[in-house]
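The values are calculated or read from the model by the stated rules, or taken from the named source; none is laboratory data. Note that the structure is predicted; figures quoted are calculated from it, not measured. Every residue, glycine among them, receives a Cβ derived from its backbone with ideal geometry; neighbour counts consider all protein chains shown.
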Amino acid sequence: MSSSVRIRVAVPHRATVTPRGARRPREVLYATELAVDIRVVAAQDIQPAVRVQNAREPRGGHRRLDYYGHDADLWLPLCAPGYTDLCLSPERAVASLARGSAHLGGHPNPFLTVGRRPVEAAEFAGAVGIEDALLRSIEADDRETCLARASRLAADLLFTEDGMVFRRSAGPFHCMRADGPVAVARHFDPPESHEAHVLFAPERLAEAIEFGIRRNPDWAQTARHAASGMEILHHGFAKDRDALNVARAVASQKLAGVFGLAIIGLGEDGRDAGRRAVDAIARLHGIGADDLPKKYYDREIRPPGVPVPSESEIVEAVETIRSFDHSFARSRVVGDDVEHAPATRRWAEFELPRIEPGPPDLDPPWPALVAQGASA
């Protein structure tokens with residue numbers, strides 16, 4: 001039976017304000033606090049569920065990495081990377097979170113990245129509460145967004161009665177390479193969009209192999225008999241978030257800038273479709289459209305603690321993006337053909353068929369969707 005302990009977490013947020021005596025607004029970093037309840041479970045209630053044999057260490061070589069199963073999800077102890085004997089204790093975790101430390105158990109403190117841009121711990125150390133600042137006006141404030149993300153992120157922490165701290169993990173993935181399937185060990189963050197389309201959840205080894213063979217038929221002779229390096233000790237803990245991961249790969253944040261260029265010179269219908277497509281990209285990543293990169297080479301932002309959309313919302317967002325690309329953007333932008341990108345092919349061949357609701361009715365519809373409607 002689990003219990004909980006209440007702790008306080010320092011959360012940064014930014015606001016556009018005009019200080020007293022000033023005439024022009026400026027963006028300022030502020031600090032706020034969030035009270036959260038962290039679950040405390042018995043040590044025997046969290047046991048290894050998935051084992052990866054080829055997890056790389058920072059200094060080279062390979063080691064075994066055990067993902068623990070609890071509450072229908074995978075968890076990893078917060079330890080210094082590569083050093084299982086240097087694990088974070090609940091007492092140190094509470095102290096680190098309360099003062100906004102740069103690290104949490106040898107990993108970057110995720111609570112410093114809940115805003116639209118990551119925050120350096122040194123900068124955050126001097127931040128005050130916005131209620132204590134002498135301000136003439138507040139034009140914008142992302143405090144509520146940051147607190148909501150921090151609250152969801154706090155639910156990804158777990159204390160054990162024997163003094164361990166666990167964080168919910170994205171888990172490992174299967175990946176097909178030239179020499180067959182390998183296990184890719186991830187820690188806490190989901191795959192980056194540029195690699196997500198080649199990674200498969202732990203229970204999908206057969207589909208990972210099939211995907212690899214479709215990309216390179218020469219692999220067929222050896223791939224089906226190769227070991228992936230991943231062993232599932234207890235089923236049901238490794239969540240399959242492949243649909244969302246691949247959808248985010250289709251909807252790269254940089255695509256919003258491409259679509260922004262494609263909108264120029266379009267009529268009202270095209271501009272509306274383009275804005276819907278950009279909004280869909282933002283929704284898939286759990287951020288606002290204004291937070292998307294403004295330039296093609298700007299860094300994508302991936303704050304933790306964002307809401308996870310439903311399957312129907314994922315399908316609708318991807319089809320909105322593909323519809324705009326097909327109807328308006330493809331002939332206007334060279335080099336960013338969404339429909340023929342590897343991530344879109346993976347989406348159409350492996351992910352969309354697994355989703356029960358199916359593609360929604362969109363306007364303008366895809367030719368394939370029109371055909372489905374006609375046959376119905």
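Here are the numbers for this structure:
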item: Top-ranked residue of region 152-175 - restricted to ones that are outside any loop (DSSP other than H, G, I, E, B) and among the charged types (D, E, K, R), ranked as farthest from Glu207 (Cα to Cα); result: Arg152
item: Criterion (among the aliphatic types (A, V, I, L, M) and under 16 Å from the mean Cα position of the chain (by Cα)) met by exactly one of Leu158, Leu205, Leu147, Leu199; result: Leu199
item: Search result, residues across region 106-151 that are out of contact with any helix residue (DSSP H, G or I) (no Cβ under 7 Å at 6 or more places or on another chain), assigned to a loop (DSSP other than H, G, I, E, B) and among the basic types (Lys, Arg); result: Arg117
item: Qualifying residue in region 311-325 (condition: surrounded by fewer than 18 Cβ atoms within 10 Å (Cβ to Cβ) and over 24 Å from Arg204 (Cβ atoms)); result: no
item: In region 238-251, the residues that are small (Gly, Ala, Ser) and crowded, with 22+ Cβ neighbours inside 10 Å; result: Ala238, Ala247, Ala249, Ala251
item: Test for Glu203: is it outside any loop (DSSP other than H, G, I, E, B), surrounded by 14 or more Cβ atoms within 10 Å (Cβ to Cβ) and not assigned by TED's automatic domain parsing to the domain that holds Leu78; result: no
item: Residue satisfying all of: in region 157-195; over 16 Å from Gly229 (Cβ atoms), of a type in the set (A, V, I, L, M, F, W, C) and out of contact with any Phe, Trp or Tyr (no Cβ under 9 Å at 6 or more places or on another chain); surrounded by the most Cβ atoms within 10 Å (Cβ to Cβ) among these; result: Met164
item: Residues (under 19 Å from Ser101 (Cα atoms) and either surrounded by 12 or more Cβ atoms within 10 Å (Cβ to Cβ) or among the acidic types (Asp, Glu) (or both)) located in region 1-10; result: Ile7, Arg8, Val9, Ala10
item: Test: Ala154 is crowded, with 16+ Cβ neighbours inside 10 Å and in the same structural domain as Glu300 (by TED's automatic domain parsing); result: no
item: Complete set of residues in region 251-271 that are among the hydrophobic types (A, V, I, L, M, F, W, C) and touching a His at 6+ places or on another chain (Cβ under 8 Å); result: Ala251
item: Residues of region 11-35 that turn out to be in contact (Cβ under 8 Å) with a residue 40 or more places away in the chain, farther than 17 Å from Ser101 by Cα and assigned to a strand (DSSP E or B), as a count; result: 7
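Conditions tested, residue by residue: (1) under 16 Å from the mean Cα position of the chain (by Cα); (2) in a helix (DSSP H, G or I).
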position: Gly270; (1), (2): no, yes
position: Ala273; (1), (2): no, yes
position: Ala280; (1), (2): yes, yes
position: Lys294; (1), (2): no, no
position: Ile314; (1), (2): yes, yes
position: Glu319; (1), (2): no, yes
position: Ser323; (1), (2): no, yes
position: Glu339; (1), (2): no, no
